[in-house]
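Have a look at the structure below before the remarks.
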Amino acid sequence: MLVASIAIFLAVIFGQLEAALAQAYPTAQAVLDYHTINGWTISVILVMITAWRSVLRLQNPLKLPVTYLGATTFLLILVCLQMYLGDLVYWVYGIHTAPVVEAIKKGLLR
Amino acid sequence: MNPQLIDQLKQLGIELGANGLPYRFPLHPNLVHLTLGLFISAILFDIAGSFFPLEKPLLRFLTIAVSRFQFFDVGWYNILAASVITFFTVIAGLFEMLLAQPLTNTKSIWGLGAGSVMLLHGVGGVLLLTIIIAMTVWRGYQRFRWRADDPRQVQWIYLFVGVLSLIYMFIHGTLGARLGGDFGIHNTAAQMLPPS
């Protein structure tokens, strides 16, 4: 969780940079927006859960409450949703793939 | 890609979408990130465990309560999980490579055509799986036999080979990224563009 909390900020920063550079056409832009909002949400929840986990670890490293597992399961669902949205942005709408970028430049895709 | 394959799949009742797959987006690029994350973490945590005496003041400063063997636990379980998941990564990769329809009017950054990149990435992927499995077996011997009572559970040569594997993985991943990014393989929008 500690490593993930650090890593997610790199992911979000690069995501923001690349989203800003993306010339997304309207349908793609809608999904990209969902991906952005969900990404920031995950980063906030992840950091909160990591802080909670560190307190639990200091109290008793061998015991985790069920509420904690519930919270991480919820986070896991959000991460799966984020993967799905990211896959749509890249693999379905082709944002930042060379052929689609070329097509947008030529005005073939709007 | 073999055009006969599409007909054979149709006979089996499997219809391919605009992206050339019977499902919405390729699975291999998703599974790859599990392989990457687990393998990189495995090596980095073993490095962290090996240099533990140097990190002690920092860990104490950050009030992170941790023992040395816990780093090696993470190293071991991560590489074990990497070797399990990578079979699925390779299976998905081979299936999706068989159905690939690369754009032919482009070259990758290293001046290679789609066929060469696919061949290198396909053969290289199986090689990488072999490396991961071999390193897991090697890691297991160090953990349970050779160095079971040693405070530093891994050999320096293991870490060195691990870092070399990470470099190879980076090159291999770059080749794979070209397949989707430059040649538009299994990319719905790229496959639907009119031929230029």
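The values are calculated or read from the model by the stated rules, or taken from the named source; none is laboratory data. All figures in this text were calculated on a predicted structure; none of them were measured in a lab. No Cβ is skipped: glycine too gets one built from the backbone with ideal geometry, and neighbour counts run over all protein chains shown.
Count, please, the residues in the range A:68-110 that happen to be more than 9 Å from chain B (Cβ to nearest Cβ) and at positive phi.
1
One residue is enough: does the range A:58-72 have a residue meeting the conditions in contact with a helix residue (DSSP H, G or I) (Cβ under 7 Å, 6 or more places away or on another chain) and within 21 Å of B:Asn30 (Cβ to Cβ)?
Checked against the condition, which is being in contact with a helix residue (DSSP H, G or I) (Cβ under 7 Å, 6 or more places away or on another chain) and within 21 Å of B:Asn30 (Cβ to Cβ), the range A:58-72 yields at least one hit.
Check B:Pro22, B:Pro26 and return the single one that is under 24 Å from B:Gln191 (Cα atoms), outside any helix (DSSP H, G or I) and at pLDDT 90 or above.
B:Pro26
What are the residues in the range B:18-71 that are within 10 Å of chain A (Cβ to nearest Cβ) and closer than 17 Å to B:Phe95 by Cα, if any?
B:Ala18, B:Asn19, B:Leu21, B:Arg24, B:Phe25, B:Pro26, B:Leu27, B:Pro29, B:Asn30
Taking interchain pairs and intrachain pairs at least six residues apart, which have beta carbon atoms under 7 angstrom, with the first residue in the range B:99-124 and within 12 Å of another protein chain (Cβ to nearest Cβ) and without any contact (Cβ under 8 Å) to a residue 60 or more places away in the chain and the second buried (at least 16 other Cβ atoms within 10 Å of the Cβ) and not in a loop (DSSP other than H, G, I, E, B)?
That search, which allows pairs on different chains as well, returns B:Thr104/B:Ala114.
Is it true that some residue in the range A:4-26 is over 30 Å from B:Ala189 (Cβ atoms) and not β-branched (Val, Ile, Thr)?
yes
Could you check, for the range B:155-167, whether at least one of its residues is away from every other protein chain (no Cβ under 13 Å) and crowded, with 21+ Cβ neighbours inside 10 Å?
Among the residues of the range B:155-167, at least one is away from every other protein chain (no Cβ under 13 Å) and crowded, with 21+ Cβ neighbours inside 10 Å, which makes the answer yes.
Those residues that are without any contact (Cβ under 8 Å) to a residue 12 or more places away in the chain, among the aliphatic types (A, V, I, L, M) and surrounded by 13 or more Cβ atoms within 10 Å (Cβ to Cβ), I need them from the range B:52-83; list them, please.
If the condition is that a residue be without any contact (Cβ under 8 Å) to a residue 12 or more places away in the chain, among the aliphatic types (A, V, I, L, M) and surrounded by 13 or more Cβ atoms within 10 Å (Cβ to Cβ), then B:Leu59, B:Ile64, B:Val66 are the ones that fit.
List the pairs whose first member sits in the range A:44-65 and is closer than 13 Å to B:Ile64 by Cα, whose second member is of a type in the set (A, V, I, L, M, F, W, C) and surrounded by 14 or more Cβ atoms within 10 Å (Cβ to Cβ), and whose Cβ atoms are under 7 Å apart, counting only residues at least 6 apart or on separate chains?
A:Thr50/A:Met1; A:Arg53/A:Met1
Among A:Val89, A:Val12, A:Val31, which is the only one that is within 14 Å of the chain's Cα centre (by Cα), in a helix (DSSP H, G or I) and without any contact (Cβ under 8 Å) to a residue 40 or more places away in the chain?
One residue alone meets the criteria, A:Val12.
Of everything in the range A:34-56, what is small (Gly, Ala, Ser) and either in a loop (DSSP other than H, G, I, E, B) or more than 12 Å from chain B (Cβ to nearest Cβ) (or both)? Give them in sequence order.
A:Gly39, A:Ser43, A:Ala51
Please give the number of the condition B:Thr86 fails out of (1) buried (at least 20 other Cβ atoms within 10 Å of the Cβ); (2) closer than 28 Å to B:Gly184 by Cβ; (3) within 14 Å of chain A (Cβ to nearest Cβ); (4) not acidic (Asp, Glu).
(3)
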